[in-house]
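The block underneath contains the structure these notes are about, expressed in structure tokens.
We did not get these values from a lab; they are worked out from the coordinates using the rules stated. Bear in mind the structure is a predicted one, so any value in this text is a computation, not a measurement. Glycine also receives a Cβ, built like all others from the backbone with ideal geometry; neighbour counts cover every protein chain displayed.
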Amino acid sequence: MHQLRLGVLGSGKGSNFRAIHEAIRTGRLDARVVVVCSDVVDSGILKFSRDAGIATTWIEEKRFKTRLSRECEEDLVERLRSAGVDLVVLAGYMRMLKAPMLEAFPRRIINIHPSLLPNFPGLEAWRQALEAGETVTGCTVHFVDEGMDSGEVIAQAEVPILPGDTPESLHARIQEAEHQLYPEWIGRFARRELP
Ligand code: GRF
């Protein structure tokens, strides 16, 4: 079977990407990361990838903060296509995607979000759950659409909110769950178990 080729987009420290990379390295995930793209030139995800010998590319966008310009997004599509990407994996990528990407990779762009969607989309979802007085939150793998964390849910994992939790302690516990859930479900794409 054709080995699934991943294109990863991230803006931050890249802990989810490191978990995916580790799952591949240890043979738990049969896929290959063919390119890591970031809009943040000094991001942890780019540094880690370079050190690991993975091809990287920097997306230079100066005009907008929450999305890419059309030309820039079209250029990103070209870079992913020329790397032969099958599945686009967002791992802490902080901009919205628009038509060029969504039309180039229909149902082949996924994201992980730190709440049980549709609850608490947007920024600092762990803090939103804590402030709302929830006792359970979690993380969600979902398809990406034009909205903010609004695409179809693929999988979720629950994480308890414990007495005395701070935003930081809760976020750390959610991230542990993310690092399990994301590689596991990318594995289902790799085994062609998802439509
Ligand atoms: C994660 O919490 C993820 O849910 C959200 O962005 C964060 C990225 O963290 N989409 P990292 O860069 O993978 O450490």
Could you give the nm distance between label points at residue 78 and residue 63, where each point is 7 Å from its Cα heading toward the beta carbon?
1.6
Within region 32-59, backbone nitrogen closer than 19 Å to the virtual label 7 Å beyond the Cα of residue 98 toward Cβ
38-40, 59
Once the Cα atoms of helix 167-190 and of the chain are each reduced to a long axis, what angle between those two axes, in degrees from 0 to 90 to the nearest 10, is obtained?
40
So how do 48, 17, 64 line up by other beta-carbon neighbours within 10 Å, fewest first?
64, 48, 17
From the square roots a ≥ b ≥ c of the eigenvalues of the alpha-carbon gyration tensor of region 1-122, which class results: rounded (a/c under 1.5), prolate (a/b over b/c), or oblate?
rounded
Going highest first, how would you order 156-165, 107-116 by mean Cβ packing within 10 Å?
107-116, 156-165
To the nearest 10 degrees, the tilt of helix 15-25 (Cα long axis) against the first principal axis of the alpha carbons of the chain is 60
What FRET efficiency would be calculated for the residue pair residue 184, residue 150, taking the C-beta separation as r and a Förster radius of 22 Å, to the nearest 0.05?
0.45
Whichever lysines have a C-alpha closer than 25 Å to that of residue 98, once near sequence neighbours (fewer than 8 apart) are set aside:
13, 62, 65
Relative contact order computed over the chain (Cα-Cα under 8 Å; 6+ residues apart), in percent:
21
What ranking of 88, 35 emerges when the number of other C-beta atoms within 10 Å of each C-beta is taken as an exposure proxy, fewest first?
35, 88
Note: region 89-195, point scatterers on Cα, Debye, no solvent; log10 I/I(0) at q = 0.13, 0.14, 0.19 Å⁻¹ equals -0.47, -0.54, -0.93
How much of the DSSP bridge set in region 1-143 is antiparallel, in percent, rounded to the nearest 5?
20
